[in-house]
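Since the structure comes first, as structure tokens, the remarks are kept for the end.
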Amino acid sequence: MTKLLVAMALVLGGLAAPAFAGETTAISYHLVGICKGYDTAAGRVTARSDEAFAIFKIEAVDNTKPSGSFDFDPTHLYVDQSSPEQNAKKAVWDKNRRFVYSDPRFARNMGASSAVETTIPEGTKLEINGIAVVPLGINNPSGGPEANHSFDLVYDTWSTAEHEAGGLTGLLFGGKKLGSNTIDLIKTNPSEKTWSVTANCKALSFK
């Protein structure tokens, strides 16, 4: 039994190692806007009373520096709305991380394209130009960034220091897949700090 656990630890440890030694993959994006709902042929779709849809446009994934392909998965993108107290905890389930809503019908109803899962070969920069939607708390007393409605994306790669420090249990239950220092999220409209909540999502510009 001891040998089995050691073997598992070695295998999982190998999987958790950063794939791109010292080089980063860059994901560029911008925040399109924040909205409450939209009309469809089947009726109106509305976020919950204390939430709104934050819409991001994923512009490109630049994989020209790393030595290896990169599997881009938009469902790994999230906004961290954890309070300082939640961030101080090690377990991922104690945090308030809002992940991308993966239903492609949202983008179709907006007349836009969704960001989709794709593999970017080594030495390649791929234009994505697809949207990603995150349902976020807008009346959340967590101490997070929601007070001014300006949100940044994070890419969950299944291997944060907090989970690596947890050893085997952390790796089995919700760690990252690559070291977080191998991916850069570049927000191309960082100067826009304050966003109002638009009632109709279709009134936003998705260019």
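Structure note, pairs Lys36/Lys95; Lys36/Lys193; Lys36/Lys202: Cα-Cα distances above 21 angstrom occur for Lys36/Lys95.
How far apart, in nanometres, would the label points at Asp39 and Ser205 be if each is projected 7 angstrom from Cα along the Cα-to-Cβ direction? According to this spin-label approximation, the distance is 2.4 nm.
Projected label points at Ser113 and Ala91, each 7 Å from Cα along the beta carbon direction, are separated by 4.2 nanometres.
Which values, in whole Å and largest first, are the semi-axes of the equivalent ellipsoid of the range 36-81 obtained as the square root of 5 times each eigenvalue of the Cα gyration tensor?
Details: eigenvalues 220, 37, 15 Å².
Result for the range 36-81: semi-axes of 33, 14, 9 Å.
If you take every residue apart from Lys202 with its C-beta less than 13 Å away from the C-beta of Lys202, what net charge results, scoring Lys and Arg +1 and Asp and Glu -1? Intermediate results must be reported in sequence, preceding the final value.
Values: positive: Lys36, Arg44, Arg108; negative: Asp39.
Net local charge, Lys202 excluded: +2.
FYI, it's all coordinate maths here, none of it is from the lab. The structure displayed is predicted, hence computed values, not measured ones. All Cβ positions, glycine included, derive from the backbone under ideal geometry; neighbour counts span all protein chains shown.
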